[in-house]
1. Which of the numbered conditions does A:Thr169 fail, given that it passes all the others? Conditions: (1) touching a residue at least 24 places away in the same chain (Cβ under 8 Å); (2) under 17 Å from the mean Cα position of the chain (by Cα); (3) part of a helix (DSSP H, G or I).
2. Would a scan of the range B:129-137 turn up a residue that is part of a loop (DSSP other than H, G, I, E, B), at pLDDT 90 or above and out of contact with any Asp or Glu (no Cβ under 6 Å at 6 or more places or on another chain)?
3. Can you find a residue that is crowded, with 17+ Cβ neighbours inside 10 Å, modelled with pLDDT of 95 or more and in a helix (DSSP H, G or I) anywhere in the range A:199-212?
4. Scanning the range A:73-97 for residues that are closer than 24 Å to B:Met104 by Cα and surrounded by fewer than 23 Cβ atoms within 10 Å (Cβ to Cβ), which turns out farthest from the other protein chains (Cβ to nearest Cβ)?
5. Anything in the range B:89-109 that is among the aliphatic types (A, V, I, L, M), within 7 Å of chain A (Cβ to nearest Cβ) and under 15 Å from the mean Cα position of the chain (by Cα)? List them, or say none.
6. So which residues in the range A:41-79 are within 24 Å of A:Ile153 (Cα to Cα) and without any contact (Cβ under 8 Å) to a residue 12 or more places away in the chain?
7. Looking only at the range B:70-128, count how many residues are closer than 15 Å to B:Ala165 by Cβ, β-branched (Val, Ile, Thr), buried (at least 21 other Cβ atoms within 10 Å of the Cβ) and at pLDDT 90 or above.
8. Would you please name the residue that is surrounded by the fewest Cβ atoms within 10 Å (Cβ to Cβ), looking only at residues in the range A:126-158 that are under 26 Å from A:Met92 (Cβ atoms) and modelled with pLDDT of 95 or more?
Amino acid sequence: MSGMVTGHRFLYNFRKYKFLLYQLVSRDIKIKYRKSVLGIFWSFLEPLLTMIVLTIIFSTLFKGYGVENYPVYLLTGRLMFTFFSGGTTAAMRSIRGSASIIKTVYVPKYIYSLSAILSNFVTFLLSLVVLFLVMAVTNAPFTIYIIFTSLPIVALLFFTIGVGLIVATINVFFRDIEHLYGVLMTLLMYATPIFYPPSIVPASFRFIQDYNPIFAVINCCRSAFVYGELYDPYQLLFALVSAAVAMIVGLALFYKYQDKFILHL
Amino acid sequence: MFTGETLENMVIKVENVKMNFNLSKEKTDNLKEYFIKFIKRELHSYPFQALKDISFEVYKGDKFGIVGLNGAGKSTLLKLIAGVMKPTAGNIWVKGSMVPLLEMGAGFDQDYTGRENIFLKGALLGYSRRFLEEKFDEIVEFSELEDFIDVPLKNYSSGMKARLAFSIATMVEPEILIVDEVLAVGDAKFRQKSREKMNSLLNEDATVLFVSHSTQQVREICNRAIWLHKGELITEGPVDEVCDAYEKFIQ
């Protein structure tokens with residue numbers, strides 16, 4: 001019955017293509033680590049080295065702004081943001097990158113975008129080991145609230161999938177979006193308080209933080225990882241609502257245009 | 001084995017299918033050009049009918065040939081039946097598992113070993129892990145790549161890649177086989193083997209959709225055929241009748 005499979009067969013498809021999804025995710029991860037000499041340790045080493053450098057430069061500067069544990073503060077923000085920007089960028093390229101197979105075999109096309117994001121998510125989960133390590137070294141509080149961070153992290157995952165589907169769709173029709181998106185991610189990285197405290201931004205520009213779903217997730221996680229507190233439930237709510245909106249827009253856009261993908265690949 | 005034209009035996013039904021493409025003079029695939037053309041009002045596109053109201057049925061065991069010149073819409077029709085494209089209008093109904101033997105190297109990962117690629121490509125074709133594990137030795141043996149199966153694909157010669165692709169694609173017994181030209185790959189020895197494998201697949205109970213320029217091959221393999229010309233179905237019927245008419249037209 002592969003001829004007339006449509007959107008409402010989502011769940012049936014998902015079960016049928018679970019093995020394919022697993023294959024694609026493990027392929028991405030295996031290839032990434034096979035290509036680098038240090039293998040899997042690279043994903044530990046890279047954030048660790050950046051953290052050390054930025055800590056040396058900025059930690060004394062931002063001490064007066066209430067940033068107690070700069071290494072953990074920085075790492076929390078960086079890991080979350082890296083997952084979002086890496087995941088959406090990989091999803092953006094996923095459809096074009098699978099052009100030859102899309103033209104010959106029917107597979108639900110969202111599988112390609114989803115697998116790109118999930119492989120980034122696995123890398124992200126692995127890199128949390130570094131975060132816990134740094135927390136232990138810097139005597140950060142290990143509290144029950146760390147378990148609660150799974151909720152904002154799930155919100156971030158779905159937000160990333162939603163945005164990923166949007167950019168994957170646009171990239172099929174306009175391939176220069178890749179360059180624009182790279183610039184946009186750099187801007188967003190600087191606009192999000194990742195390596196600096198939110199309070200140094202002038203009050204008139206705080207809206208950039210207030211309406212930033214990624215920052216809401218980072219904030220929730222910092223409450224637990226840096227301060228050992230439960231996060232502000234409104235921040236979580238904002239993250240969850242943003243994720244839901246991104247998913248709805250992403251799925252609607254993707255399903256509306258997916259039959260036209262093949263004409264532009 | 002052709003089993004007669006009854007409703008239960010129908011495996012493919014193509015009903016009033018139309019396929020339109022929008023052709024623009026130049027391909028606009030980036031935002032910059034799109035905006036410039038939008039401002040200059042140069043975003044014209046011309047509708048092109050690749051298929052005009054095509055209807056036919058294929059029954060279980062049929063060896064169904066599609067003949068026609070380049071640009072007749074043969075590949076578009078195959079893509080529609082394979083489900084990778086959707087028709088502008090009309091319906092396509094397909095019953096049973098389907099394997100397209102088109103661009104068999106698609107979906108391989110160059111950094112993956114032969115072993116890993118068997119599972120990756122198998123998953124793309126919709127097979128389960130258990131099925132692939134069962135068939136694994138058979139695939140490797142047929143491809144004659146035992147010594148290279150744990151070597152990354154980028155170190156394979158093109159002949160080796162073709163052998164692996166062929167072995168994965170044909171190691172199953174699909175109910176419907178989509179074939180674009182007869183495939184024979186590799187060196188002379190493997191070519192002979194792959195031709196035999198193709199023939200055995202074509203002679204079994206499977207329903208076959210076969211596209212070719214060569215009416216000789218179509219006559220050899222098929223029992224029924226259609227002739228497409230510029231998106232229109234000219235004739236449909238027993239293979240010799242259709243091929244005779246088509247050959248007459250070419251001359």
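The values are calculated or read from the model by the stated rules, or taken from the named source; none is laboratory data. Since the model is a prediction, treat every value here as computed from it, not as a measurement. Glycine gets a Cβ as well: all are built from the backbone with ideal geometry, and neighbour counts include every protein chain shown.
1. Failing condition for A:Thr169: (2).
2. Scanning the range B:129-137 turns up no residue that is part of a loop (DSSP other than H, G, I, E, B), at pLDDT 90 or above and out of contact with any Asp or Glu (no Cβ under 6 Å at 6 or more places or on another chain).
3. no
4. Among those that are closer than 24 Å to B:Met104 by Cα and surrounded by fewer than 23 Cβ atoms within 10 Å (Cβ to Cβ), it is A:Arg93.
5. B:Val94, B:Met98, B:Leu102, B:Ala106
6. The answer is A:Phe41, A:Trp42, A:Leu45, A:Glu46, A:Leu49.
7. 1
8. A:Val154
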